[in-house]
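The values are calculated or read from the model by the stated rules, or taken from the named source; none is laboratory data. None of these values were measured; they are calculated from a predicted model. Don't worry about glycine lacking a Cβ; one is built from the backbone with ideal geometry, like all the others, and counts go over all protein chains shown. Surface accessibility is based on the protein's heavy atoms, side chains included, excluding ligands, DNA and RNA. Shrake-Rupley method; radii C 1.70, N 1.55, O 1.52, S 1.80 Å.
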Amino acid sequence: MKLLITNDDGIDAPGLAALVESVFYAMGDNVKVIVVAPDRGRSECGHSVTTGRPLAVKSVRPDWFQIDGTPVDCVRAGLGVLAKGANAVISGVNAGANLGVDLHVSGTFAAAREAAISGIPALAVSHYRRPDIEKTWDHVPRWTKETIEEFLQTSRQRQDAPLLWNLNLPAIDPTTQQPPRVRCDVDWEPMTRTAHHRESEIHFESDFHGRPRKPGLDVEQCFGGAITLSDIRLDRHLG
């Protein structure tokens, strides 16, 4: 099996290295991994693409490539050239949650969505963070193993629509052996923002950790300490 790995935090992000480690932890030597990632951080770029100029590509080590473009550019370059014939795409691990309406602006999720639009099974992986919890990565392979195994197995079986999964890890003690995993729908409750106009500037304030949430959906479940897994039907999401 050939996997294309990407992210929106950039080629040097620790979350990207953690994702590659997680794939090998789950799959052993039964997978070939090709990394195509932005040359720098592209967080919150959504589904933006680069047009009007060629994309510069650089090999940083065997099977690792950086692109001077967006996560969606990376998926297009990967599926079209650098990882042609990839069986699935995994994007992440994002340093911060991508829950609820965040999916509309997330570059991490956009990369997965682009793959699904192209008919390739895709998984986006993000990690909720809080200032009071140590931001480590060593636990990520342990916490993601079950989902990566299930994702790759399901991707070979489901024929009715491209697989598009969104996984979020909770901001809890990283020494926790295995948090509970909950399958749940995405919470499309809008974020609450306050706009401030000061002379020639407008800036916005919002409380990410205190954001509105509906019972049982991904925001509440992840903020409550669970790994959340949402199976997103592409036709409904685009509609």
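What residues from region 165-195 fall in the zone where the backbone N is under 18 Å from a label point 7 Å along the Cα-to-C-beta line of residue 145?
169-170, 174-182
With a sphere of radius 9 Å drawn around the Cβ of residue 48, what net charge do the other residues whose Cβ falls strictly inside it have (Lys, Arg +1; Asp, Glu -1)?
The answer is 0.
How do 9, 187, 138 stack up against each other in accessible area, from largest to smallest, with a 1.4 angstrom probe?
Largest accessible area first, the residues go 138, 9, 187.
Would you work out if region 133-173 is rounded, prolate or oblate? Take a ≥ b ≥ c from the square roots of the eigenvalues of the alpha-carbon gyration tensor; rounded if a/c is under 1.5, else prolate when a/b is larger than b/c, oblate otherwise.
Prolate, since a/c reaches 1.5 and a/b exceeds b/c.
Calculate I(q)/I(0) for region 1-128 by the Debye formula, one identical point scatterer on each C-alpha and no solvent, and give its log10 at q = 0.16, 0.22 Å⁻¹ to two decimals.
Taken in order of the listed q values, log10 I(q)/I(0) reads -0.66, -1.31.
Need one value: the accessible area of residue 50 in square angstrom, 1.4 angstrom probe, rounded to the nearest 10.
Counting only protein heavy atoms, residue 50 exposes about 40 Å² to solvent.
Could you please put 133, 11, 117 in sequence from largest to smallest accessible area, using a 1.4 Å probe?
Correct descending sequence by accessible area is 117, 133, 11.
If you scale each eigenvalue of the Cα gyration tensor by 5 and take the root, what three semi-axes come out for region 8-58, rounded to whole angstrom and sorted largest first?
After scaling each eigenvalue by five and taking roots: 26, 13, 10 Å.
Return the ratio Rg/(2.2 N^0.38 Å) for region 139-239, where Rg is computed over Cα atoms only.
1.36
Just the accessible area for residue 24, please: 1.4 Å probe, Å², rounded to the nearest 10?
The accessible area of residue 24 comes to roughly 90 Å².
For a paramagnetic label modelled at 7 Å from the Cα of residue 176 toward its Cβ, which residues of region 121-154 fall within the zone defined by backbone nitrogen distances under 11 Å?
128
Which FRET efficiency value, to the nearest 0.05, is calculated for residue 196 and residue 49 with the Förster distance at 41 angstrom and r the Cβ-Cβ distance?
0.80
Report, to two decimal places, the Cα Rg of the chain normalised by 2.2 N^0.38 Å (N = number of residues).
Computed over Cα atoms of the chain, the ratio equals 0.98.
Calculate the FRET efficiency for residue 21 and residue 154 from the Cβ-Cβ distance with a Förster distance of 22 Å, rounded to the nearest 0.05.
0.50
Rolling a 1.4 angstrom probe over the protein chains, ignoring ligands and nucleic acids, what is the accessible area of residue 127 in square angstrom, nearest 10?
0
What pairs from 58/84; 32/58; 84/135; 2/58; 58/135; 2/145 go past 23 Å between their alpha carbons?
84/135; 58/135
Can you return the aspartates and glutamates within cross-link range of residue 214? Criterion is Cα-Cα under 14 Å, with same-chain partners fewer than 8 residues away left out.
The qualifying aspartates and glutamates are 185, 187, 189.
Considering only protein heavy atoms, with the full assembly of protein chains and a 1.4 angstrom probe, order 196, 104 by accessible area, largest first.
From most exposed to least exposed: 104, 196.
What percent antiparallel are the DSSP beta bridges of the chain, to the nearest 5?
35
To the nearest whole percent, what portion of all C-alpha pairs in region 95-180 is separated by more than 18 angstrom?
When all Cα pairs of region 95-180 are counted, 48 percent exceed 18 Å.
Taking each pair of distinct Cα atoms in region 30-100 once, what is the resulting Kirkwood hydrodynamic radius in Å?
13.0
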